[in-house]
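Asks: Sharing a structure below in structure tokens format, with a few things to ask.
The values are calculated or read from the model by the stated rules, or taken from the named source; none is laboratory data. Please read all numbers here as calculations on a predicted model, not as lab measurements. Virtual Cβ from ideal backbone geometry, glycine too; neighbours counted across all protein chains shown.
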Amino acid sequence: MNYERIKEKLEILADAAKYDVSCSSSGSKRANKNKGLGDSSGMGICHSYTEDGRCVSLLKILLTNVCIFDCAYCVTRKSNDIKRAAFTVQEVVDLTINFYRRNYIEGLFLSSGIFKSPDATMERLIRVAKKLRLEENFNGYIHLKSIPGASDELMQEAGLYADRLSVNIEIPTKAGLKLLAPDKDHKDFIQPMKAVQKSIHIYKSEKKLIKSTPIYAPAGQSTQMIVGATGESDRDIMYSANFFYNKFEMKRVYYSGYIPVADDSRLPAIGTEVPMMRENRLYQTDWLLRFYGFDVREILNDTHQNLDMDIDPKLSWALRNLDQFPIDINRADKLMLARVPGIGMKSVGKILSARRFRKLNWEHLKAIGISMNRSKYFIICDSKEFESRDLTGSKIKNLIMINSTSKYHKNFNNQLNLFA
Ligand code: SF4
């Protein structure tokens, strides 16, 4: 093995992979078997090889950064004048095993530029995973990117060796995709997603009848959308995410703030700040949809197309729906409790348990750990004192922001007007 050349390839192909944030490995339960290498179960790892701190303990690389496509937002696009490299299948296998043995990594996140054709690329990605599983007896986590346009047969095979599969939609709307990635067709993303979803169902139901049926993609599938490359509103992005969750049973949708990599009039100029706060607000909204029972249309709609940057989406929703408050903490149902700003799902559980034994007052609620600064404007409890109910939404927002210790406080426009 030419170590210098491998090192050079690793530098190029790990750097090119850093733009993909969809590398969480939670959800997989592949246990170590046959005294093999690694055990992806229960680690909840979400790390990578990159230097930007997003992930650190998966080997996160591209098989190659050669690509026949020219997506404007991508550093790997064919028209970009960069150093190109390609690993062989055996090189990726050897690197994974060597890094694993040295405890550098717990798994592999493997993506690729599209060389030759989607099927040729997908087939090579599968060969890596297959070799690791069958020849090296590797039971660590493997996340394979699905190549848009790959055939159903290959997608079906990929899930037999990978824990998670993901095909990145990248641009949330068809119009944006057409503008920035004219070589790609929306259906090239949809078809692999459909194929994976179908296989997950088939293998699951077969496993119920025949125990020896292999597990197919136990950590399911995910996708990623770039935020801020095109003019999509937060509503467009979250409606798209909602579609993928509902239609294809995605385990996760990831939101990745666009890092300007191209001098292109269709894109934000190089040097434009990465929209990290927007990314964070989208993740919070995603959380509300998946765990708090919100419908996306309650949070984003025709009259509210973008998320507030200075306050979180739950507080924003509550301030726009003051007619639904205050709620009685001793009587409200679980879903309504979860809608109170400052009360998370853990606290909801604690409130429901505690109120079986006594009526809860402010002291009890403080002891449970709810954020009083936020919640006190939206609840009543078994106490005489309560916050004045004649406050407007903007007054409540100002009061909360003044007393907030949140790291995002600085985002609040300091025109605090208590009498607004
Ligand atoms: S197909 Fe993928 S790797 Fe190739 S230019 Fe487009 S986004 Fe980049």
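Asks: Kindly indicate whether any position in region 47-59 is at pLDDT 95 or above, in a loop (DSSP other than H, G, I, E, B) and either surrounded by fewer than 16 Cβ atoms within 10 Å (Cβ to Cβ) or under 23 Å from the mean Cα position of the chain (by Cα) (or both).
Replies: There is no residue in region 47-59 that is at pLDDT 95 or above, in a loop (DSSP other than H, G, I, E, B) and either surrounded by fewer than 16 Cβ atoms within 10 Å (Cβ to Cβ) or under 23 Å from the mean Cα position of the chain (by Cα) (or both).
Asks: Please identify the pairs in which a residue from region 59-83 that is closer than 19 Å to ILE226 by Cβ has its Cβ atom under 7 Å from the Cβ atom of a residue that is more than 7 Å from the ligand (Cβ to nearest atom) and of a type in the set (Ser, Thr, Tyr), counting only partners at least 6 apart or on another chain.
Replies: Listed by first residue and then by second, the contacts come to LYS60/SER48; LYS60/TYR49; LYS60/THR50; LEU62/SER111; LEU62/SER112; ASP70/SER79; TYR73/TYR258; VAL75/TYR19.
Asks: Further question: Which one of ARG389, ARG331 is surrounded by fewer than 13 Cβ atoms within 10 Å (Cβ to Cβ), of a type in the set (D, E, K, R), in a loop (DSSP other than H, G, I, E, B) and modelled with pLDDT of 95 or more?
Replies: ARG331
Asks: Another one. Limited to region 185-208, what total is found for residues that are acidic (Asp, Glu) and part of a helix (DSSP H, G or I)?
Replies: Residues flagged as acidic (Asp, Glu) and part of a helix (DSSP H, G or I) within region 185-208 amount to 2.
Asks: For LEU307, are the conditions met, namely being in contact (Cβ under 8 Å) with a residue 40 or more places away in the chain and in a helix (DSSP H, G or I)? If you could, list the steps in order and put the result at the bottom.
Replies: Details: in contact (Cβ under 8 Å) with a residue 40 or more places away in the chain: yes; in a helix (DSSP H, G or I): no.
Judged against the criteria, LEU307 is not a match.
Asks: If you don't mind, another one. (1) surrounded by 12 or more Cβ atoms within 10 Å (Cβ to Cβ); (2) assigned to a loop (DSSP other than H, G, I, E, B); (3) of a type in the set (A, V, I, L, M, F, W, C): which one isn't true of LEU352, the others all being true?
Replies: The failed condition is (2).
Asks: Ok, one more. Could you list all residues from region 75-111 that are in contact with a Leu (Cβ under 9 Å, 6 or more places away or on another chain), part of a loop (DSSP other than H, G, I, E, B) and within 16 Å of the ligand (Cβ to nearest atom)?
Replies: Of everything in region 75-111, those that are in contact with a Leu (Cβ under 9 Å, 6 or more places away or on another chain), part of a loop (DSSP other than H, G, I, E, B) and within 16 Å of the ligand (Cβ to nearest atom) turn out to be THR76, ALA85, PHE87.
Asks: Aromatic (Phe, Trp, Tyr) and within 16 Å of the ligand (Cβ to nearest atom), is that true of PHE138?
Replies: Working: aromatic (Phe, Trp, Tyr): yes; within 16 Å of the ligand (Cβ to nearest atom): no.
When the stated conditions are applied, PHE138 does not pass them.
Asks: Applying the selection to region 104-136, what residues are among the charged types (D, E, K, R) and within 22 Å of the chain's Cα centre (by Cα)?
Replies: Scanning region 104-136 gives a single hit, GLU106.
Asks: Turning to a different aspect of this structure: Search region 171-187 for residues that are at negative phi and free of Cβ contacts under 8 Å to residues at least 60 places away in the same chain and pair each with any residue that is surrounded by fewer than 20 Cβ atoms within 10 Å (Cβ to Cβ) and not charged (D, E, K, R) when their beta-carbon atoms are under 8 Å apart and the residues are at least 6 apart or on different chains.
Replies: Correct list of pairs: LYS174/HIS186; GLY176/GLY231; LEU177/HIS186.
Asks: Yes or no: PHE243 crowded, with 18+ Cβ neighbours inside 10 Å and not small (Gly, Ala, Ser)?
Replies: no
Asks: So, one more: Taking region 135-184, which residues are assigned to a helix (DSSP H, G or I) and among the small types (Gly, Ala, Ser)?
Replies: ALA158, ALA175, GLY176
Asks: Of all residues in region 259-279, how many are touching a residue at least 40 places away in the same chain (Cβ under 8 Å) and assigned to a helix (DSSP H, G or I)?
Replies: 3
Asks: Given the criterion under 23 Å from the mean Cα position of the chain (by Cα) and over 28 Å from GLY228 (Cα atoms), identify the matching residue among LYS350, LYS395, LYS346, LYS314.
Replies: LYS346
Asks: Taking VAL128 and the conditions (1) modelled with pLDDT of 95 or more; (2) of a type in the set (Val, Ile, Thr); (3) not in a helix (DSSP H, G or I), which numbered condition does it fall short on, given that it satisfies the others?
Replies: In the conditions (1) modelled with pLDDT of 95 or more; (2) of a type in the set (Val, Ile, Thr); (3) not in a helix (DSSP H, G or I), VAL128 misses (3) alone.
Asks: Moving to a separate point now. Scanning region 156-183 for residues that are farther than 16 Å from GLN224 by Cα and among the charged types (D, E, K, R), which turns out nearest to the ligand (Cβ to nearest atom)?
Replies: So, considering only residues that are farther than 16 Å from GLN224 by Cα and among the charged types (D, E, K, R), the one nearest to the ligand (Cβ to nearest atom) is ASP183.
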